[in-house]
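Everything below concerns the one structure shown next.
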Amino acid sequence: MKEREFLFLKPNTVRRGLVGEVISRLERRGIKIIAMKMIMATKDQVEELYKEHKGKDFYEDLIEFVLSGPVVVMVLEGPRVIDMVRHIIGNTDPLKASPGSIRGEFGMSVTKNIVHASDSIENAEREMKIFFNEKELVEYRLDVQHDL
Ligand code: IDP
Ligand code: MG
């Protein structure tokens, strides 16, 4: 099966007008977008998404933040796409993220760190199902040659 990644742009990214900037960085790396929509996430969706963090001290703030405005949810596809995307977005803490990474350039705090991206194949498949059904994932040919 082709490797797929679930990613969403957090509400501050939409509010700051950085949607295009972030998507453009993914596109320039040859990453294929196979689903994308802007939504107001529901409490059920974000609690399911972040269930591994339930009970941690930052959990309530995180949930409140991701419900504070629209998010852009996406599914990406490509060879080693999960590692590639995690590399491009950078460390969870914008202070530790390299300057050229998305979080290293635009992140304001650990909570407001611009994007969420799944960290494993299992989590990516689980997380994309919270926001998309299989019919919403489109197939097309991206005009980029991968040598990986
Ligand atoms: P990730 O987004 O890089 O995968 P995770 O550890 O999975 O990082 O945490 C999920 C989200 O929870 C982070 O993106 C961040 O917004 C928030 N978070 C994680 N750790 C902390 C923390 O120590 N303080 C505040 N927020 C945190
Ligand atoms: Mg994570």
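Listed values, structure above:
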{"quantity": "Helices (runs of 4 or more DSSP H) lying entirely in region 1-65 (those with 2 or more residues that are among the β-branched types (Val, Ile, Thr))", "calculated": "11-15, 19-28"}
{"quantity": "Residue check, Ile23 surrounded by 15 or more Cβ atoms within 10 Å (Cβ to Cβ) and of a type outside the set (Asp, Glu)", "calculated": "yes"}
{"quantity": "Some residue of region 89-98 being surrounded by fewer than 17 Cβ atoms within 10 Å (Cβ to Cβ) and in contact (Cβ under 8 Å) with a residue 40 or more places away in the chain", "calculated": "no"}
{"quantity": "Tally, over region 109-130, of residues that are touching a helix residue (DSSP H, G or I) at 6+ places or on another chain (Cβ under 8 Å) and within 11 Å of ligand 1 (Cβ to nearest atom)", "calculated": "11"}
{"quantity": "Cross-chain or 6+ apart pairs with Cβ under 9 Å, region 48-72 first and small (Gly, Ala, Ser), then more than 13 Å from ligand 2 (Cβ to nearest atom)", "calculated": "Ser68/Pro11; Ser68/Asn12; Ser68/Arg15; Gly69/Pro11; Gly69/Asn12; Gly69/Val14; Gly69/Arg15; Gly69/Met40"}
{"quantity": "Residue list for region 47-83, restricted to those being touching a strand residue (DSSP E or B) at 6+ places or on another chain (Cβ under 8 Å), closer than 24 Å to Tyr140 by Cα and either within 16 Å of ligand 2 (Cβ to nearest atom) or modelled with pLDDT of 95 or more (or both)", "calculated": "Val72, Val73, Met74, Val75, Leu76, Glu77, Val81, Ile82"}
{"quantity": "Residues that are basic (Lys, Arg) and away from ligand 1 (no atom under 12 Å from the Cβ), drawn from region 44-93", "calculated": "Arg80"}
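The values are calculated or read from the model by the stated rules, or taken from the named source; none is laboratory data. Everything numeric here is computed off the predicted structure, so don't read it as measured data. Please note: Cβ atoms are built from the backbone with ideal geometry, for glycine as well, and neighbour counts cover all protein chains shown.
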